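Scroll down for the structure; my scribbles are underneath it.
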Amino acid sequence: MSILEVIILAIVEGITEFLPISSTGHMILVSTLMGIQQDPFVKVFEVCIQLGAILAVVVLYFQRFVKSFDFYKVLIAGFIPTGILGLLLKKRIDALLENVEVVAASLLIGGIILVFVDRLFSSDEKDDKEEVDYKTAFWIGLIQSIAMIPGVSRSAATILGGLTQKLTRKTAAEFSFFLAVPTMFAATCKSLIDQRELIAESSDKIGHLLLGNAIAFVVAWIVMKGFVSFLNRNGFRIFGYYRIILGGTILILLYMGVPLKIVD
């Protein structure tokens, strides 16, 4: 990977990780369009720079993470469904991660859903509250599992899961940030452990990971600070339209024979 590719992918990760537009889908598509070779290190890089994004969550909401041990028990309750299903379905998930058609279709379908979300849930929100109970966390985690399909968006799934439990947009969005920490930390650690020998082969690989995480941290911090207030003012519709346009365009290009394939 070149330094430019590292910077671009890290920026994409930071922007898309906490927005309901699918970070995985965008990483796959950007890699495809840039012709980045999907060698083992690139795949590790695309997973491990999530560490910078989740570190931004911990720093930005530091008081929540040191407030009470019960907070962690709630996160564990939310993580359990994704953790179990992720282990059981790993091979199928890995196969889907290289399928651009699946990404495009997921973006399109998810976009249609987001266009109507504001109308469906606007009257069902409870008074704002900062705490989420175990049952609600588990349910949100179960819905988060759908986001293992690339293009669905972990953020979109968890926020919608929160809305189905009558959380406000603010509480649902912030819990989506929090639930990303154990989910993405587990995925990052597994990737680092599995590929530790590959990463240790050269200082360049280590340097790329450090740079990518630093950029993802800064960009994710900026995005999170503005996302909740934007969501409260504007709702989900703009994200829905964006997904429909992007997913539809990709499907049209594929239908026309444009070779939008993952480069092996």
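The values are calculated or read from the model by the stated rules, or taken from the named source; none is laboratory data. In this text, all values refer to a predicted model and were calculated from it rather than measured experimentally. Methodologically, a virtual Cβ is constructed for each residue, glycine included, from the backbone with ideal geometry; neighbour enumeration extends over all protein chains shown.
Please verify whether the stretch 132-141 includes one or more residues that are under 22 Å from residue 21 (Cβ atoms), of a type outside the set (Lys, Arg) and surrounded by fewer than 17 Cβ atoms within 10 Å (Cβ to Cβ). No. Scanning the stretch 146-161 for residues that are touching a residue at least 12 places away in the same chain (Cβ under 8 Å) and either in contact with an Asp or Glu (Cβ under 6 Å, 6 or more places away or on another chain) or surrounded by fewer than 21 Cβ atoms within 10 Å (Cβ to Cβ) (or both) yields a single hit, 148. Tallying residues that are over 15 Å from residue 222 (Cβ atoms), assigned to a helix (DSSP H, G or I) and not β-branched (Val, Ile, Thr) within the stretch 39-66 yields 12. Kindly evaluate residue 199 against the criterion of being surrounded by 15 or more Cβ atoms within 10 Å (Cβ to Cβ) and farther than 30 Å from residue 109 by Cβ. Yes: the conditions hold for residue 199.
Here 75, 96, 60, 55 are screened, and the one residue that is under 16 Å from the mean Cα position of the chain (by Cα) and under 15 Å from residue 181 (Cβ atoms) is 55.
Restricting to the stretch 143-161, count the residues that are in a helix (DSSP H, G or I) and within 20 Å of residue 244 (Cα to Cα). Residues meeting the conditions: 10.
Give the number of residues within the stretch 71-90 that are modelled with pLDDT of 90 or more and not β-branched (Val, Ile, Thr).
8
Applying the selection to the stretch 23-42, what residues are surrounded by 19 or more Cβ atoms within 10 Å (Cβ to Cβ) and closer than 18 Å to residue 102 by Cα? Those that are surrounded by 19 or more Cβ atoms within 10 Å (Cβ to Cβ) and closer than 18 Å to residue 102 by Cα: 23, 24, 25, 26, 27, 28, 29, 31, 32. Would it be correct to say that residue 185 is closer than 15 Å to residue 132 by Cβ and in a helix (DSSP H, G or I)? Here the answer is no, as residue 185 does not meet what is asked. Condition first: small (Gly, Ala, Ser), within 25 Å of residue 105 (Cα to Cα) and within 19 Å of the chain's Cα centre (by Cα). Now tell me which residues in the stretch 225-254 satisfy that. Result: 235, 240, 247.
Filter the helices (runs of 4 or more DSSP H) completely within the stretch 196-264 down to those with at least 2 residues that are in contact with a Ser or Thr (Cβ under 9 Å, 6 or more places away or on another chain) and either in contact (Cβ under 8 Å) with a residue 24 or more places away in the chain or of a type outside the set (Phe, Trp, Tyr) (or both). Ranges flagged: 203-234, 237-255.
Within the bounds of the stretch 43-65, is there any residue that is at pLDDT below 90, surrounded by fewer than 16 Cβ atoms within 10 Å (Cβ to Cβ) and of a type in the set (D, E, K, R)? Checking the stretch 43-65: not a single residue is at pLDDT below 90, surrounded by fewer than 16 Cβ atoms within 10 Å (Cβ to Cβ) and of a type in the set (D, E, K, R). Within the stretch 166-193, the set of residues being free of Cβ contacts under 8 Å to residues at least 40 places away in the same chain and surrounded by fewer than 23 Cβ atoms within 10 Å (Cβ to Cβ) comprises 189, 190, 193.
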